[in-house]
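Enquirer: This is the structure, below, for whatever I ask next.
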Amino acid sequence: RFPMRVCAVICEYNPFHNGHARHLTLAREKSSADFMLCLMSGALTQRGAFARHDKWLRARMALLGGADLVLELPCRFACAPALDFASGGVALLHALGVVTHLSFGCEAQSLDILFAARDALRDESPAFQSVLKDALDRGLPYPRARALAAESASGLSGLAEQIARPNAVLALEYLQALPDDISAVPILREGCGYHDSSPSPLASATGVRAALTMGDVQTAGAAVPFPQELLSSEQRGEFHPEDALTQALFYRLRTMDAASLREIVGMDEGLEYRFLRAAQTAASREELIAAIKSKRYTHARLSRLCAHILLGVFRDFAAEHRAPTYARVLGFRKDAAPLLRAIKAHASIPLVIKAASFARADPLFSLDVRAQDLWSLGVSNPALRAPGRDFTTSPIILP
């Protein structure tokens, strides 16, 4: 194995903000890492929305903010439930053969119970199974039902509430997916919560995006470490509004039948009929989701389904591609050359630096290209609308 310490972070950076820079600094210190590696979502995020800024700008900001190497988490795993997001990310990192640590953020209240929750979920005792079945029978979404079952099995009061927090959900999945040779490095979050849109120097990504949407560049600029990078991109129209592809989504829904829609990954329990009915009356993506949303079907799940409908991600495809087959480089620092050499020597999957030389026939890679091409359709700057940017954009290289 690679003799140095490499600490990885699985991230979205939508956009990269002050809290992310703080996390990278603390993760490097806590792990004594020689290199910080970021495995970042590309065009689509885990909650099913397109990232506001393209992956190369976000990679550049991550490199400026403390990363040594930024790789792309393939869309198949980046836009997926927490289990697939975490297991796909960890599988890719393990396949590199050099990662020694994985760092993730979590709330202070969750830190002490994460390992207990992990053990309860791994064990899945008869008591766990009984509570899980009862919760599902009551119509609760699977993540909530599983959290209640873990609380009951562990005997820790309040566990379900704590592990339902967005960062704790992913942290728990990371802990379950980590192999023995990669150590966990949890970092306590500070500042606003994951979904908090309040203005603050430690605003969440949600808060920064909300400020940008309202044109409040002062608030947004105060929350990011390199405001000029971000704001210049905004001024040039190099961003993707969340509702940009609403008409394309409705076109897909209004020209698909129930049988075709049923084959979309995650389209279970007759949800295809709800989508088809709502598509006849809804005027926006959010109206569509609001018309379908219930206690059982969360906003995030329905939003991911919208993305999968747009991209044509079918359940057979997802079942056939359970693990990443390559590691695509989005950017690196020149002094990370030893890390790149080590990955080439130790990885069990190809390291893709020039996409044009990679096999276009790879189904996972083709999905990444399709997602990026759709992202490009949603920006106002015509220079970014051309298809095939994955093949014409070079990795970001910083001194």
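The values are calculated or read from the model by the stated rules, or taken from the named source; none is laboratory data. Nothing here was measured: the structure is a model prediction, and the numbers come from that model. As a convention, Cβ positions derive from the backbone with ideal geometry for all residues, glycine included, and neighbour counts pool all protein chains shown. When the accessible area is computed, the model is the full protein with side chains, heavy atoms only, and any ligands, DNA or RNA have been set aside. Shrake-Rupley method; radii C 1.70, N 1.55, O 1.52, S 1.80 Å.
Enquirer: Compute the Kirkwood hydrodynamic radius of region 118-158, taking the inverse of the mean of 1/r over all pairs of distinct Cα atoms, and give it in Å to one decimal.
Expert: Mean inverse Cα-Cα distance, inverted, gives 9.8 Å.
Enquirer: What are the semi-axes of the equivalent ellipsoid for region 131-276, taken as the square roots of 5 times the Cα gyration tensor eigenvalues, largest first, in whole Å? Can you show the working numbers first?
Expert: Working: eigenvalues 219, 165, 42 Å².
Here the semi-axes work out to 33, 29, 14 Å.
Enquirer: Nearest 0.05, what FRET efficiency do ASN381 and ARG296 give at R0 = 41 Å with Cβ-Cβ as r?
Expert: 0.55
Enquirer: Given H placed 1.01 Å from N in the peptide plane, which residues other than close sequence neighbours of LEU178 have an amide H under 5 Å from its amide H?
Expert: none
Enquirer: With equal scatterers on the alpha carbons only and no solvent term, can you work out the Debye log10 of I(q)/I(0) for region 309-399 at 0.11, 0.26 1/Å?
Expert: Listed by q, the Debye log ratios stand at -0.40, -1.33.
Enquirer: Amide H to amide H, which residues 5 or more places from ILE397 or on other chains are under 5 Å from it, using H placed in the peptide plane?
Expert: The answer is PHE332.
Enquirer: Now a separate question. Report, in debye and to the nearest 20, how large the dipole of the chain comes out about its Cα centre when Lys and Arg carry +1 and Asp and Glu carry -1 on their Cβ.
Expert: So the magnitude is around 620 debye.
Enquirer: I would also like to ask the following. When only DSSP loop residues count, what trypsin sites (Lys or Arg not before Pro) in region 100-141 have their Cβ near at most 12 other Cβ atoms within 10 Å?
Expert: ARG138
Enquirer: Charges only on Cβ, +1 for Lys and Arg, -1 for Asp and Glu: so what's the dipole of region 291-399 about the Cα centre, in debye to the nearest 20?
Expert: 380 debye
Enquirer: Out of the GluC sites (Glu not before Pro) in region 68-172, which ones are loop residues according to DSSP with at most 15 other C-beta atoms within 10 Å?
Expert: Loop-located and lightly packed - GLU124.
Enquirer: Step through the residues of region 113-127 one at a time and calculate ³J(HN,Hα) from phi using the Karplus curve (6.51 cos²θ - 1.76 cosθ + 1.60, θ = phi - 60°), rounding each to whole Hz and writing x for Gly and Pro.
Expert: 9, 4, 6, 5, 5, 4, 5, 5, 6, 5, 6, 6, 5, x, 5
Enquirer: Nearest 20 debye, what's the magnitude of the dipole of region 78-171 about its Cα centre given +1 on Lys and Arg Cβ and -1 on Asp and Glu Cβ?
Expert: 140 debye
Enquirer: How much length is gained if the chain between ALA164 and GLN129 is pulled fully straight, taking 0.36 nm per residue apart and subtracting their Cα-Cα distance, in nm to one decimal?
Expert: Taking 0.36 nm per residue and subtracting the Cα distance, the gain is 10.8 nm.
Enquirer: Then there is this: What are the semi-axes of the equivalent ellipsoid for the chain, taken as the square roots of 5 times the Cα gyration tensor eigenvalues, largest first, in whole Å?
Expert: 29, 28, 22
Enquirer: Moving to a separate point now. For region 70-144 and region 1-49, what is the separation of their C-alpha centers, rounded to whole Å?
Expert: 17 Å
Enquirer: Next question, about the same structure. Can you tell me, using C-alpha contacts under 8 Å and at least 6 residues apart, the relative contact order of the chain as a whole percent?
Expert: 23 percent
Enquirer: Can you give the Rg and Dmax of region 18-73 based on its C-alpha atoms, in angstrom?
Expert: Rg and Dmax of region 18-73, Cα atoms, are 11.8, 35 Å.
Enquirer: So who's got an amide H within less than 5 Å of the one on SER380, skipping anything under 5 residues away but keeping other chains? H placed 1.01 Å off N, in plane.
Expert: Hits under the 5 Å cutoff: PHE239.
Enquirer: Another one. When we measure straight from the Cα of LYS133, which lysines land under 28 angstrom away, once same-chain ones fewer than 8 places off are left out?
Expert: LYS293, LYS295
Enquirer: Select from ALA80, LEU111, LEU92 the residue farthest towards the positive end of the dipole of region 7-157; place +1 on Cβ of Lys and Arg, -1 on Cβ of Asp and Glu, and compute about the Cα centre.
Expert: ALA80
Enquirer: Along Cα→Cβ, 7 Å out, is where each label goes; now give me the distance between the ones at GLU190 and ALA361 in nm to one decimal.
Expert: Simple spin-label model gives 5.3 nm for this pair.
Enquirer: Specify which residue in the list ILE187, GLY237, TYR273 is farthest towards the positive end of the charge dipole of region 146-297, using unit charges on the beta carbon of Lys, Arg (+1) and Asp, Glu (-1), about the Cα centre.
Expert: Result: TYR273.
Enquirer: Compute the accessible area per residue over region 161-283, keeping the other protein chains in place, probe 1.4 Å, unit Å².
Expert: In whole numbers, region 161-283 has 48 Å² accessible per residue.
Enquirer: Report Rg(Cα)/(2.2 N^0.38 Å) for region 52-162, keeping two decimals.
Expert: 1.33
Enquirer: If the chain between SER284 and SER394 were fully stretched, how many nm would it gain, using 0.36 nm times the residue separation less the Cα-Cα distance?
Expert: 36.1 nm
Enquirer: In addition: Tell me the Rg and the Dmax, in Å, that the Cα atoms of region 1-45 produce.
Expert: For region 1-45, the Cα radius of gyration and maximum Cα-Cα distance read 11.7, 34 Å.
Enquirer: Now a separate question. Between ARG236 and THR325, how many nm apart are label points set 7 Å from Cα along the C-beta direction?
Expert: 3.4 nm
Enquirer: Moving on to the next point. Each label point is 7 Å from the Cα along the Cα-to-Cβ direction; what then is the distance between the points at ARG341 and ILE353, in nm?
Expert: 1.2 nm
Enquirer: Next up: Per residue of the chain, what 222 nm ellipticity follows from adding -39500 (n - 2.57) for every DSSP H run with n ≥ 4, rounded to the nearest 500?
Expert: Helix-only estimate at 222 nm: -15000 deg cm²/dmol.
Enquirer: So how much slack lies between ARG122 and PHE226, counting 0.36 nm per residue of separation and subtracting their Cα-Cα distance, in nm?
Expert: So the chain would gain 33.3 nm between ARG122 and PHE226.
Enquirer: Could you give the semi-axes, largest first, of the ellipsoid that matches region 247-338, computed as the square roots of 5 times the alpha carbon gyration tensor eigenvalues and rounded to whole Å? All intermediate terms of the calculation are to be shown ahead of the outcome.
Expert: Working: eigenvalues 206, 52, 33 Å².
Ellipsoid half-lengths, sorted descending, are 32, 16, 13 Å.
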